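Reading through the C-alpha cells given below for one structure.
The values are calculated or read from the model by the stated rules, or taken from the named source; none is laboratory data. Since this is a predicted model, take the numbers as computed values, not measurements. All Cβ positions, even for glycine, are placed from backbone atoms using ideal geometry, and neighbour counts span all protein chains on display.
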Amino acid sequence: MNLLSAKNLSHTFEYELFSDVSLDLQAKESIAIIGMSGSGKSTLLNILSTLLTPNSGSVSLFGEDTSSMSKKRLAQIKRDELGLVFQSHYLFKGFSAMENLEVSAILSKKDIDDELLKRLKIYESMNQKVTELSGGQQQRVSIARVLTKQPRILFVDEPTGNLDKETAKEVMNILFEYIEQMNSGMILVTHDEELAHKCHKVFRLQNRELKELK
C-alpha cells in the first residue's frame with residue numbers, strides 16, 4: 001500500500017536546494033535520506049511531512065494530494081496519521097514526562113504502553129519534569145510520545161543524535177519493529193550512513209538531486 005508519493009519537488013531559499021525530486025513510501029518500508037549539512041535533507045523532510053509547501057511539485061498522503069485538501073482534513077491527518085521526531089524535542093517544558101505522553105494519548109484516544117517506556121529506559125523517569133531530564137532522555141520521551149498515537153508514517157530527523165551507541169541501536173530497533181507491526185512507513189534523515197543502510201532504501205541528496213543508492 002502506498003502511504004506517500006512525492007512528485008517533482010523543487011525548493012529554493014537563498015539558493016536552489018533541490019529540483020525534480022520524487023519518491024514513494026510503501027507500508028512496512030523505511031527510507032533513509034543522507035547528505036552533507038546544508039544539502040536540504042531537513043527541508044525535504046519538512047515538505048514531505050507537510051510542514052512546508054514546496055515551490056513546485058506535489059505530495060500525496062494515503063492517495064490524497066495535500067495541496068487540494070481542506071485545512072481541516074490536513075490538520076486531521078497531521079494529528080492522527082503523521083508522527084514527527086525531530087532533533088528539537090518540542091516537549092511541554094512545564095509538564096512531567098508522563099503528562100507529555102498523556103496529552104498525546106488523550107488526543108489520539110490511545111493507551112500509553114509501559115513496555116515501550118521500559119525499552120526506551122525512561123519508565124522510572126516519567127514523573128520527572130521535562131527540564132530535569134537529560135537531552136537523551138528528552139529525545140526518548142519525544143519518541144514515546146509520537147509512538148503513543150500510533151501514526152501511519154514516521155518522519156524522523158537525526159533521532160539518535162543525543163544517544164549513546166547502545167541506546168541508539170535499541171531506539172532504532174523499536175522504530176523498525178513499529179513500522180513492521182503497525183503496517184506503517186518511515187522516512188529517516190541522518191548523517192549516520194551505517195544507520196541509513198539498515199533501511200530498505202537509501203537516497204543521497206547531493207548537487208540538488210536525490211539519487212537512490214540502495
query: Between a first residue in the range 166-191 that is on the phi < 0 side of the Ramachandran plot and a second residue that is among the acidic types (Asp, Glu) and surrounded by 18 or more Cβ atoms within 10 Å (Cβ to Cβ), which pairs have beta carbons less than 6 Å apart while being 6 or more apart in sequence or on different chains?
result: Gly185/Glu29; Val189/Asp157; Thr190/Glu158
- prompt: With respect to Ser42, is the statement that it is assigned by TED's automatic domain parsing to the domain that holds Asp20, in contact (Cβ under 8 Å) with a residue 12 or more places away in the chain and surrounded by 15 or more Cβ atoms within 10 Å (Cβ to Cβ) true?
  reply: yes
message: Going by what's in this entry, would Ser68 be described as in the same structural domain as Phe176 (by TED's automatic domain parsing), surrounded by 19 or more Cβ atoms within 10 Å (Cβ to Cβ) and at pLDDT below 95?
response: no
field: Qualifying residues in the range 171-191 (those that are farther than 24 Å from Asp80 by Cβ and surrounded by fewer than 17 Cβ atoms within 10 Å (Cβ to Cβ)) - the one modelled with the lowest pLDDT
entry: His191
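Residue by residue, here is whether (1) under 30 Å from Ile174 (Cα atoms); (2) out of contact with any strand residue (DSSP E or B) (no Cβ under 9 Å at 6 or more places or on another chain); (3) without any contact (Cβ under 8 Å) to a residue 24 or more places away in the chain holds:
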{"residue": "Leu61", "(1), (2), (3)": "yes, no, no"}
{"residue": "Glu64", "(1), (2), (3)": "yes, yes, yes"}
{"residue": "Ser67", "(1), (2), (3)": "no, no, yes"}
{"residue": "Glu81", "(1), (2), (3)": "yes, no, no"}
{"residue": "Phe86", "(1), (2), (3)": "yes, no, no"}
- line: Within the range 200-214, residues being under 29 Å from Lys149 (Cα atoms) and surrounded by fewer than 22 Cβ atoms within 10 Å (Cβ to Cβ) number 3
query: Would the range 104-121 turn up any residue that is in contact with a strand residue (DSSP E or B) (Cβ under 9 Å, 6 or more places away or on another chain), charged (D, E, K, R) and under 18 Å from Ile179 (Cα atoms)?
result: no
query: Among the residues of the range 10-24, is there at least one that is closer than 30 Å to Lys109 by Cβ, buried (at least 18 other Cβ atoms within 10 Å of the Cβ) and either free of Cβ contacts under 8 Å to residues at least 24 places away in the same chain or out of contact with any Pro (no Cβ under 9 Å at 6 or more places or on another chain) (or both)?
result: no
message: Anything in the range 136-173 that is of a type in the set (A, V, I, L, M, F, W, C), under 30 Å from Gln76 (Cα atoms) and out of contact with any Pro (no Cβ under 9 Å at 6 or more places or on another chain)? List them, or say none.
response: Val141, Ala144, Val146, Leu147, Ile153, Leu154, Phe155, Val156
- prompt: Within the range 150-161, can one find any residue that is modelled with pLDDT under 90 and not assigned by TED's automatic domain parsing to the domain that holds Leu195?
  reply: no
